[in-house]
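Encoded as structure tokens, the structure appears first; notes follow it.
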Amino acid sequence: MSIARVRGIELAYEVSGAGSPIVLLHGFPFNRTLWREQVEALSDRHRVITVDLRGHGETTATRDPATMEAMAGDVAALLDELHITRVALGGLSMGGYVALDFYRLFPERVAALVLADTRAQADTDEARLAREETATRALGEGMHTIAGAMLPKLLAPATHAERPEIVARVREMILNTDPQGAASALRGMAVRRDQTELLGEINCPTLILVGSLDQITPPADAERMHRGIRNSRLEVIAGAGHVSNLERPLEFNRALENFLREAEA
Ligand code: MLT
């Protein structure tokens with residue numbers, strides 16, 4: 001693990017392998033270990049950079065809302081530190097919100113985009129209220145309550161029934177998240193912009209992935225992004241829930257590797 005001191009925080013990240021660079025951004029409230037199987041699969045052809053987004057993993061938590069824009073700025077500052085100008089950029093869920101904002105702010109730095117189990121729309125008023133309640137509970141009661149509330153929705157029924165090690169790994173990532181980091185990220189997600197109009201401006205090769213059983217950002221959200229982004233491909237991962245890269249790593253990696261090979265050809 002390495003630390004970059006950028007924009008007033010300590011940003012934890014890891015670099016593996018060599019080749020064209022790809023940055024992978026985790027969802028909420030996870031950390032860079034979410035991508036272990038993708039790092040293994042990609043690092044013989046790529047320089048894979050995984051990051052703990054602000055308030056997650058070993059990166060500093062701030063009291064202010066951790067906006068998607070702030071997180072995207074952190075990633076850009078890290079790339080500056082590493083002297084990398086252009087990358088393939090992938091994000092799952094909240095990581096996808098950050099990837100979209102990164103594209104909005106720094107389109108020239110994105111060679112290819114991977115949007116997994118995420119959406120372009122902003123929160124509804126109801127979702128914003130629910131996020132504030134969850135933030136208050138995270139701060140008051142800690143992450144156990146959050147893990148209990150989130151886990152049933154995060155993973156597909158078959159993952160819960162047959163893959164206890166995946167359930168344990170997701171629970172551990174949630175429990176390892178600083179409650180202040182989680183609260184700030186929830187408040188940041190609540191104020192994120194609607195990116196629907198941005199979709200029409202995205203002109204790099206884009207892969208959209210979604211678990212067929214994703215309850216949080218369902219396939220309909222992925223189809224919407226696919227319709228909006230001209231140069232996009234949609235892959236539905238059969239039987240996966242919201243954390244499709246962990247639940248079905250072989251299928252996820254196959255789609256990702258094929259896409260990256262073609263995007264670079
Ligand atoms: C995530 O997995 O990053 C979050 O569930 C996304 C969200 O709450 O909108």
> When the dipole is taken about the Cα centre of the chain, and only Lys, Arg (+1) and Asp, Glu (-1) are charged at their Cβ, what size is it in debye, to the nearest 20?
Replying inline: 160 debye
> In Å, what Rg and Dmax follow from the Cα atoms of the chain?
Replying inline: 16.7, 51
>> Could you identify which residue out of Glu223, Glu251, Glu133 has the top mean-square fluctuation in a GNM of the chain using Cα springs shorter than 10 Å?
In response: Glu133
>> Would region 1-90 count as rounded, prolate or oblate if I go by the C-alpha gyration tensor, calling it rounded below 1.5 in a/c and otherwise prolate when a/b exceeds b/c, oblate otherwise?
In response: prolate
> With all protein chains present, how much of the accessible area of region 2-264 (probe radius 1.4 Å) comes from carbon and sulfur, to the nearest whole percent?
Replying inline: 49 percent
> Taking the Cα centre of region 108-265 as origin and charging only Cβ (+1 Lys, Arg; -1 Asp, Glu), how large is the dipole, in debye to the nearest 20?
Replying inline: 40 debye
> Among Arg131, Arg163, Arg233, which one shows the biggest mean-square fluctuation in a GNM of the chain, springs joining Cα atoms closer than 10 Å?
Replying inline: Arg163
> With labels modelled as points extended 7 Å from the Cα through the Cβ direction, what inter-label distance (nm, one decimal) is found for Glu141 paired with Leu175?
Replying inline: 1.7 nm
> Taking the Cα centre of the chain as the origin and placing charges on Cβ (Lys, Arg +1; Asp, Glu -1), which of Val39, Ile146, Gly57 is farthest toward the positive end of the dipole?
Replying inline: Val39
>> Probe of 1.4 angstrom, ligands and nucleic acids ignored: what's the accessible area per residue over the chain, in square angstrom?
In response: 41 Å²
> Under a point spin-label approximation (7 Å from Cα along Cα-to-Cβ), what is the Asn253-Arg7 distance to one decimal in nm?
Replying inline: 3.1 nm
> Label Asp44 and Leu105 with points 7 Å out from Cα along Cα→Cβ: what is the distance between them in nm?
Replying inline: 3.6 nm
>> For the chain, set up a GNM with springs between Cα atoms under 10 Å and report which of Glu162, Glu141, Glu108 has the largest fluctuation.
In response: Glu162
> Taking 0.36 nm per residue of separation and subtracting the Cα-Cα distance, what length does fully extending Ala127 through Ala149 add?
Replying inline: 6.4 nm
> Okay, helix-only estimate at 222 nm for the chain: each DSSP H run of n ≥ 4 adds -39500 (n - 2.57), divide by all residues, round to 500 deg cm²/dmol; what do you get?
Replying inline: -14000 deg cm²/dmol
> At a Förster distance of 30 Å, what's the computed FRET efficiency of Arg230 paired with Asp194, Cβ-Cβ distance as r, to 0.05?
Replying inline: 0.95
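The values are calculated or read from the model by the stated rules, or taken from the named source; none is laboratory data. Owing to the predicted nature of the structure, the values given are computational and were not obtained by experimental measurement. Glycine gets a Cβ as well: all are built from the backbone with ideal geometry, and neighbour counts include every protein chain shown. Keep in mind that these areas ignore ligands, DNA and RNA; they rest on the heavy atoms of the full protein, side chains included. Shrake-Rupley method; radii C 1.70, N 1.55, O 1.52, S 1.80 Å.
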